[in-house]
Amino acid sequence: MKNKRLIYPLFVAVVFLFTSCNDEFLERTPLDRISTETFWNTENDLRVYNNGLYHLAANDNDIPIMMGHDEGFNSHKWGIWYLDEFSDNIAPRHPRHLQYQQIRAGKFPTPTSSNGDGQWYGYKGWNFVRAINIGLENYSKAKIPQATIDRYIGEARLFRGWFYADKVSKFGDAPWVDRELNVDSEELYAPRTSREKVMDNVLADLTFATEKIPANWGDGGAPGRMNRWVALLVKSRVCLFEGTWRKYHGGSNPEKWLQEAATAAKELIDKGPYKLYSTGNPSRDYNAIHRITNDLAGVAEVMYWRRYQLGVRTNHVMSYHRDYNGGATKSMVEDYLCSDGLPITLSPLYKGDAKIEDVFENRDPRLRQTILHPDDVKFYAFGNNDTRPYPRLAGMDGGQASETGYHIIKVYDNNTAYATFNVSNTPAITMRFAEALLNYAEAVAELGTITQADLDLTINKLRARVGMPSLNLSSVPVDPRYVNDGVSPIIVEIRRERRIELFMEGFRYDDLRRWKQGKKLEIPSYGIRWDDAAKARYPKANVKSSLVNGVPYINVYLGTDFAVPVFDEAKHYLWPIPLNDLSQNPAIKQNPGW
């Protein structure tokens, strides 16, 4: 299996290179094992060393960039499917997902430590930077052509740039290090490097990667190594974040970053080998690739993914996800357009939400491929072939309960959802081509240069897959819910498309932060309508409700510490530095408001 060959061979041997010893005797070149002095000779040496970087990057909590599912027990809390729980898309209530609830509600304390559960996806993973920098200081020792060496340098710099971009997105300034450190290195006691300087270095890393990594490693891509096209998608993602952050939060030259994002995405779209998955079935094609339960090799939309296999690496994520996610929110469900291409606030086709079946009538087909329609229980074998009526809510007898009433089925597979603990091979889609279309459309819209041809190349391809009308630049609808967002209607619609298409793929929370739309997180998480008809239909449901414009809806967190979410714009766009890190190096200083 190619992924097994990629990650595991000789990794233990490579670990010897991450450490050193000062004993005079041991400083002699070892004769019986790999050493820094003897290792860096062949392309295989560089390949094996970088395999170790892939292995480290599979720790989603410490190095949250190339996201997948964590292994075994930890697949209950860390992974790509859960990241939307930080946002207004999903409403978890399970105590094991407390940290998602705290951050979503703006009620999370400054952590003592970043380790383990101290701060998820936080101020940690610096061993990864050390490993990268050791490689970068040694790759050129290999007695092979420079062009070959550059491939592996590019791979390492892709990892480093991506890692630092994540740290900057969460913490602002970050300690830029581009060499191997020791216990006496002055960088260990230095202030954080400014955001702008770090991001200049990140851009240099990502640009080098896109120029030097091959378009095809010849490894079969199952999933193999990240290729040049993946590097372009990473670059477009990072530059789009930075460009919009600087545009809406303030910062120098946002146009440069937006142009870099657009250029990278456009090259991938025009020249890359990827395309949207489609069989011509608008009612199934959107969620089909997300429900593949084993091998994603050869799926033309999937650019990078993580493989799991019994006896090598497994997860229990489908089972945990069905229990812990809580369901999609009213806000999320209401953002889906009607089948005439208009928002529910404008379309005469909208049937309302008096009963859940009405919600799906005349709507974007992606809604029914994301949220469970009561008539689709049999198709999905939902709830382990449950024959009870759905949705089912907390407190009801039997079945799979939801906090909101909007069960998520975008990724659902019944067999793995009820499998024995930690034997599942549910793959993780880390990067897919649809994101490139969305990145390009948003970047050129933010630059003010978007054309109808741009929309036809991007947004309208996504819509065509599910049989939705095209978005026309000459007649963009004006949704009254978003007129106070301070952006043009075309940007509103591109943002909506992004929310719908990339639901549960880890983007929404970061998108709200970069757009400076954190105040949207102050809207409580609601579920289905909860009037007398609903109470009669769902007996014994243990839920609470609040009025929204005079109509009662399930209020997921009413009566909890998170009932009234807050978002302090002077504080919550960045995360706090853990106290232990501050005590070890006070020069890094705490972020504002923490």
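The values are calculated or read from the model by the stated rules, or taken from the named source; none is laboratory data. Only a predicted model underlies this, so the values are computations on that prediction, with no experimental measurement involved. Cβ: placed from backbone, ideal geometry, glycine included. Neighbour counts: every protein chain shown. The protein model used for the area step is the full one, side chains on, heavy atoms only, and it has no ligands, DNA or RNA in it. Shrake-Rupley method; radii C 1.70, N 1.55, O 1.52, S 1.80 Å.
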Practice task
Return the whole-Å distance between the Cα centroid of the range 241-310 and the Cα centroid of the range 58-77.
Solution key: 20 Å
Problem - Whole-Hz ³J(HN,Hα) from phi, Karplus 6.51 cos²θ - 1.76 cosθ + 1.60, for the range 576-586, glycine and proline x - result: x, 6, x, 5, 5, 5, 5, 5, 6, 8, x
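For the range 382-443, which chymotrypsin sites (Phe, Trp or Tyr not before Pro) are both in a DSSP coil and crowded by at most 14 other Cβ atoms within 10 Å?
Numbers: sites: 382, 406, 412, 418, 421, 433, 440; in loops: 406, 412, 418, 421.
Within the range 382-443, the qualifying chymotrypsin sites (Phe, Trp or Tyr not before Pro) (loop, at most 14 other Cβ atoms within 10 Å) are 421.
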Handout entry: Amide proton proximity set for residue 396, modelled H, under 5 Å, gap of 5+
Key = 542
Exercise for the section: Name the residues whose placed amide hydrogens come within less than 5 Å of the amide hydrogen of residue 344, ignoring near sequence neighbours (fewer than 5 apart) on the same chain. Expected result: 338
Handout entry: Gain on full stretching of the segment that runs from residue 354 to residue 194 - 0.36 nm per residue minus C-alpha separation
Key = 52.4 nm
Handout entry: Vicinal HN-Hα couplings computed from phi for the range 189-198 (Karplus, 6.51 cos²θ - 1.76 cosθ + 1.60; Hz; Gly/Pro x)
Key = 10, 8, x, 5, 6, 4, 3, 5, 5, 4
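Got a sec? What order do 124, 197 fall in by accessible area at 1.4 Å, biggest, i.e. largest, first? Provide the component values of the computation, followed by the final result.
Numbers: 124 10, 197 120 Å².
Per-residue accessible area, sorted high to low, gives 197, 124.
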Completion exercise
The lysines whose Cα lies under 20 Å from the Cα of residue 212, excluding any fewer than 8 residues away in the same chain, are 141, 143, 235, 266, 271
Exercise for the section: Enter the Cα centre distance for the pair the range 518-550 and the range 434-451, rounded to the nearest angstrom. Expected result: 36 Å
Exercise for the section: Indicate the gyration tensor shape class of the chain (rounded, prolate or oblate), computed on the Cα atoms with a ≥ b ≥ c the square roots of the eigenvalues: a/c under 1.5 is rounded; otherwise a/b larger than b/c is prolate and the rest oblate. Expected result: prolate
Exercise for the section: Could you pull out the trypsin sites (Lys or Arg not before Pro) across the range 82-114 that fall in loop regions by DSSP (anything but H, G, I, E, B) with no more than 16 other Cβ atoms inside 10 Å? Expected result: 107
Problem - Distance in nm between pseudo-label sites at residue 211 and residue 546 (7 Å out along the Cβ direction from Cα) - result: 5.3 nm
Handout entry: From phi via Karplus (6.51, -1.76, 1.60), per-residue ³J(HN,Hα) for the range 84-98 in Hz, x at Gly/Pro
Key = 5, 5, 6, 10, 8, 8, 9, 10, x, 10, 5, x, 6, 10, 4
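Order the following by accessible area, largest value first: 582, 521. Probe radius 1.4 Å; ligands, DNA and RNA are ignored. Walk me through the numbers before you get to the answer.
On the way: 582 30, 521 0 Å².
If we order 582, 521 from most to least accessible, we get 582, 521.
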Exercise for the section: Please list the non-local residues whose amide H lies under 5 Å from the amide H of residue 430, H modeled 1.01 Å from N, same-chain partners needing a gap of 5 or more. Expected result: 304, 305, 306
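What does the accessible area per residue of the range 52-130 come to in Å², with a 1.4 Å probe and no ligands, DNA or RNA counted? List each step's numbers first, then the result.
Details: 2130 Å² over 79 residues.
Ligands and nucleic acids excluded, the figure is 27 Å² per residue.
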Practice task
Could you state the angle between the C-alpha long axis of helix 146-171 and the longest principal axis of the C-alpha atoms of the chain, as a value from 0 to 90 degrees rounded to the nearest 10?
Solution key: 50 degrees
